[in-house]
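Below: one structure, written as C-alpha cells.
What follows is calculated from the coordinates using simple rules that are stated; it is not laboratory data. These numbers were taken from a predicted model, which means no experiment stands behind them. Cβ sites come from the backbone with ideal geometry, for glycine too, and all protein chains shown count toward neighbours.
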Amino acid sequence: MNHKQIPTAAEKYLAEPANMVLATIRKDGRPQLSPVWFIWQDNEFLISTTPSTAKWKNLARDKRCTGVVDAPNGRYISVTGVVEMWTENVPHEVTTEIVRKYKLGDEFEPYMEITRNDRPERGIIRLKPESIVTSGFD
C-alpha cells in the first residue's frame with residue numbers, strides 16, 4: 001500500500017513500542033541511520049531527540065528523510081517525507097508522551113527524571129509523510 005493513509009492493523013502496530021530507523025542525509029550526501037522512539041499522532045510521526053545529535057543537525061540542513069518501522073515477521077511500514085523541528089524545555093510534553101510508550105511501570109519516572117535533569121532541552125521532529133508504504137498489514 002503506497003499513500004498517506006495506512007491500514008488499521010498498521011495503525012495499531014505503530015502504537016506498539018517498536019523502533020523506527022530514521023535515515024537522514026549527512027553533509028557529504030551519505031545516509032545517517034538512527035534508531036528512534038516515536039509516536040504516531042494525527043497521521044504524523046513525532047520523534048524526540050537532543051539538538052546535539054547528528055540526525056538533528058542533518059535535518060536542520062536538509063529536512064528530507066526516510067524511516068522504517070519493521071516487525072520480526074516481515075511486516076513493515078516505510079515512510080518518506082519532510083520534517084518540521086522545534087525545541088521544548090521542561091516540561092517535556094511531547095517527550096513525555098513518547099517515553100510513556102516505551103517505558104512502562106517503574107521504568108517511566110526514573111527515565112523522565114534523567115531527561116528532565118540531564119537533557120533539559122529536547123528537539124522535537126515532526127515527520128510529515130509524503131509517502132507511506134506498508135507490507136503485511138492488508
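Worth a mention:
- The lysine pair count for the chain, using Cα distances under 12 Å and pairs eight or more places apart or on different chains, is 5.
- Annotation note: trypsin sites (Lys or Arg not before Pro) in the range 5-58 located in DSSP loop regions with a Cβ neighbour count of at most 14 within 10 Å are Arg26, Lys27.
- Prolate/oblate/rounded call for the range 26-105, Cα gyration tensor, a/c under 1.5 rounded: oblate
- When only Cα pairs below 8 angstrom with a gap of at least 6 residues are kept, the chain shows a relative contact order of 35 percent.
- Highest-MSF residue in the chain out of Asp28, Asp118, Asp42 [GNM, Cα springs under 10 Å]: Asp28
- Cα point-scatterer Debye curve for the chain, base-10 log of I(q)/I(0) at q = 0.15 Å⁻¹: -0.74
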